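Data first, discussion second: the structure below is written as structure tokens.
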Amino acid sequence: MENTATFKTWLEGMQLEHPLVIAGPCSAETEEQVLQTAHQLKNTDTNVFRAGIWKPRTRPGQFEGVGEIGLKWLQKVKEETGLLVTTEVGTADHVEKALQHDIDILWVGARTTVNPFAVQEIADALKGVDKTVLIKNPVNPDLSLWLGAVERIKNAGIQQLGVIHRGFSTYQKTEYRNNPKWQIAIELKKEFPDLPMILDPSHICGRRDTIFDTCQMALDLRYEGLMIETHIDPDNAWSDAMQQITPNRLSEITKDLKIRIDNTNEKDYQHKIKAFRKDLDVLDKNLLDLLAHRMGVASKIGRLKHEKNVAILQSDRWAHVLEKMIVNGEKNGLSQEFIEKIFKAIHIESISVQQRSK
Ligand code: PEP
Ligand code: MN
């Protein structure tokens, strides 16, 4: 993926003072709802109007989108407001119809990105086409699957590519509808800095009150855009009612968000950041020394268990250690999620050290 810079270049060319804002309802419901929402959004920071026409619903029997007629409504939005328009495509037929109706940007949804056959079908339908395509992360936390979808679309000759981070589904209930797992997006950004990253806080949060903070996190990570579900009457939306916000609320959010700068040469900042980083470097070295020391003890335990023919995994002891660490962690202001991650990693390594030290 040598050249993924075109969408970024286009974004830079727009000379926006804020990240790209894509807003609009989860689903196009009626012509009136679409046009009213778009007209209200025209007076906000919105650059691109979104609306789902074909809705991939988890369970059958729910509203599955208005279909092709909605594309005509999107064309009207373009004519009446001048906003760019975007919709989700899940099949070659959707691509064809969206192209016929001059939709500016197509996005591939999370339930499609998981399926290489479906992505390839879309990629084949896009051959020789000059469009911007945004690819949502797959529902499961798999960076390669996300990149695979980007590569398939890129190999079809699409230059203007971006990605949308909409979080990952988990079996356990958490405060999120879809856990953001920021690390995955950060890794993608690190590997492909020219691939613009757009945050979809609506599907991450699944509720209205945490959208602002989630957007701010994205801006703290220098994301290039936001895609936020917006509806004139969110409570009565036909899909994803809990997470949609009004155009007014969207305006408040984009006004209050703090846009971060890449860096500053300001003396005071440089002086302080250098000192803090020196502290961190020392602490990191201490952490490594401690971990090595801990593994040394694990190795001795491994030899002892081997001598006495005792199994390496002692589930009760491990459950007890983890529980204690979670309580201690909380006392020190460290989240349960963080402690679990760290100690699970330490425990796994400890087991392999014990295994090797027979
Ligand atoms: C959507 O954007 O309305 C949608 C269906 O999103 P996702 O593919 O992220 O579930
Ligand atoms: Mn939705």
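Every read-out reported here was derived from the displayed coordinates using simple, explicitly stated rules and does not represent laboratory data. From a predicted model like this one, the values you see are computed outputs, not experimental measurements. Don't worry about glycine lacking a Cβ; one is built from the backbone with ideal geometry, like all the others, and counts go over all protein chains shown.
Computed quantities for the displayed model
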| quantity | calculated |
| --- | --- |
| Dipole axis of the chain (+1 Lys, Arg; -1 Asp, Glu on Cβ), positive-most option in Phe338, Leu257, Leu145 | Phe338 |
| Cβ charges +1 (Lys, Arg) and -1 (Asp, Glu), total dipole of the range 149-244, debye | 300 debye |
| Segment Asp102-Thr264, length gained on full extension (0.36 nm per residue, minus Cα span) | 54.1 nm |
| Selected from Phe276, Phe168, Phe212 as most flexible by GNM, with the chain as the system and alpha-carbon contacts under 10 Å | Phe276 |
| The chain, helix-only ellipticity at 222 nm - DSSP H runs n ≥ 4, -39,500 (n - 2.57), divided by all residues, nearest 500 | -16000 deg cm²/dmol |
| By average C-beta atoms within 10 angstrom, highest first, the peptides 113-125, 306-318, 197-209 | 197-209, 113-125, 306-318 |
| Cα shape, the range 267-356, gyration tensor, a/c 1.5 rule | oblate |
| Given charges at beta-carbon only (K, R positive; D, E negative), |dipole| of the chain in Debye | 1860 debye |
| Loop sites in the range 17-78: GluC sites (Glu not before Pro), DSSP, at most 15 other Cβ within 10 Å | Glu17, Glu64, Glu68 |
| Normalised contact order of the range 7-256, rounded percent, pairs of Cα under 8 Å and 6 or more residues apart | 19 percent |
| FRET E, pair Gln15, Asn140, Förster distance 45 Å, beta-carbon r, rounded to 0.05 | 0.75 |
| Share of alpha-carbon pairs per 10 Å distance bin for the chain, given as whole % | 5, 21, 28, 21, 13, 9, 3, 0, 0 |
| Counting DSSP beta bridges with both ends in the chain, the antiparallel % (nearest 5) | 5 percent |
| Assigned charges on the beta-carbon of Lys, Arg, Asp, Glu; the range 31-174 dipole about Cα centre (debye) | 460 debye |
| Cβ-Cβ FRET estimate between Thr170 and Asp213, R0 fixed at 22 Å, reported to 0.05 | 0.70 |
| Distance between modelled label sites at Asn43 and Glu31, nm, 7 Å Cα→Cβ extension | 2.4 nm |
| Positive-end residue of Leu16, Leu41, Leu99, charge dipole of the range 7-256 with Cβ unit charges | Leu99 |
